[in-house]
Amino acid sequence: MLTTKQRELLLFIHTRIKEDGVSPSFDEMKDALNLASKSGIHRLITALEERGFIRRLAHRARALEVLKLPESAAPAAPPRGRQQFRPSVVGTAPMPNVPAPNSVPVLGRIAAGVPIEAIQEETDRVNAPIDLPMGEEHFALEVRGDSMIDAGILEDDIVILKRTDSAVSGDIVVALVDEKEATLKKLRKKGNSIALEAANPAYETRIFGPDRVRVQGTLVALVRRYD
């Protein structure tokens, strides 16, 4: 039998994997269960693993698999105050090379870490996992780096973006820095400055003057391919 907290965490992980395609971060689990520290989450996950409800997948970030649910399981409640991008993930096998009405061009690679060279020319096309609004232009980029893992964006994911030169504080954007470096980050407006925030505590926030950053697009979905 599971304790109340073990059951609550199990259902929360199950719901997030169904919605996002990846398990939640330890910080998100801690906030969802209203715990004071992540050590409590570690103990709960270990207990669930020992009881055969979940297993950890080796060599993958944030990789938990739910093996079974308790009887009469109710849907897990959403975490408190969560207001961030939740990726729409498609595919458990390689995607076919069949164009679809909502296919978008892949314009090279984008760094979710240290910025790399700016957006390139079309290299491929990918089918969007959601219906894209008519009248909007979209493009896709392949992710390199791990600075956005706590937003559910992993290396080798393909992010789909709406082409726009404007964004509100909190949006995940492709930003062009000094007209030569493109990076995928969360944008924050702080007075006359623009902060580009990672979703990984290993990376520092970078702050620029407004004339050094140009928004290229805002994130709307992502595609994860499984080979």
- Note on the structure: Length gained if THR164 through ARG55 is fully extended, taking 0.36 nm per residue and subtracting the Cα-Cα distance, is 35.2 nm
- Task: Treating each Cα of the stretch 141-206 as an identical point scatterer and ignoring solvent, apply the Debye formula and state log10 I(q)/I(0) at q = 0.17, 0.29 Å⁻¹.
- Result: -0.59, -1.55
- Query: Ordering LYS18, LYS190 from largest to smallest accessible area (1.4 angstrom probe), what's the sequence?
  - Reply: LYS18, LYS190
- Rounded to the nearest 10 Å², the accessible area of SER37 using a 1.4 Å probe with every protein chain kept is 50
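Return the tail of the calculated pair distribution for the stretch 178-227, meaning the percent of Cα-Cα pairs more than 19 Å apart.
The answer is 35 percent, as a whole percent.
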- Computed on Cα atoms, the radius of gyration and Dmax of the stretch 123-176 in angstrom are 12.0, 32
- Built amide H within the under 5 Å cut-off of VAL220, gap 5+: ILE160, LEU161, LYS162
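For the stretch 10-57, what D do you get in µm² per second when you plug the Kirkwood radius from alpha-carbon pairs into Stokes-Einstein at 37 °C and 0.692 mPa s?
Roughly 298 µm²/s, to the nearest whole number.
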- Message: With every protein chain left in place and a probe of 1.4 Å, what is the accessible surface of VAL168, to the nearest 10 Å²?
- Response: 90
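The values are calculated or read from the model by the stated rules, or taken from the named source; none is laboratory data. Bear in mind the structure is a predicted one, so any value in this text is a computation, not a measurement. Side chains are part of the model used for accessible areas, which takes the heavy atoms of the whole protein and leaves out ligands, DNA and RNA. Shrake-Rupley method; radii C 1.70, N 1.55, O 1.52, S 1.80 Å.
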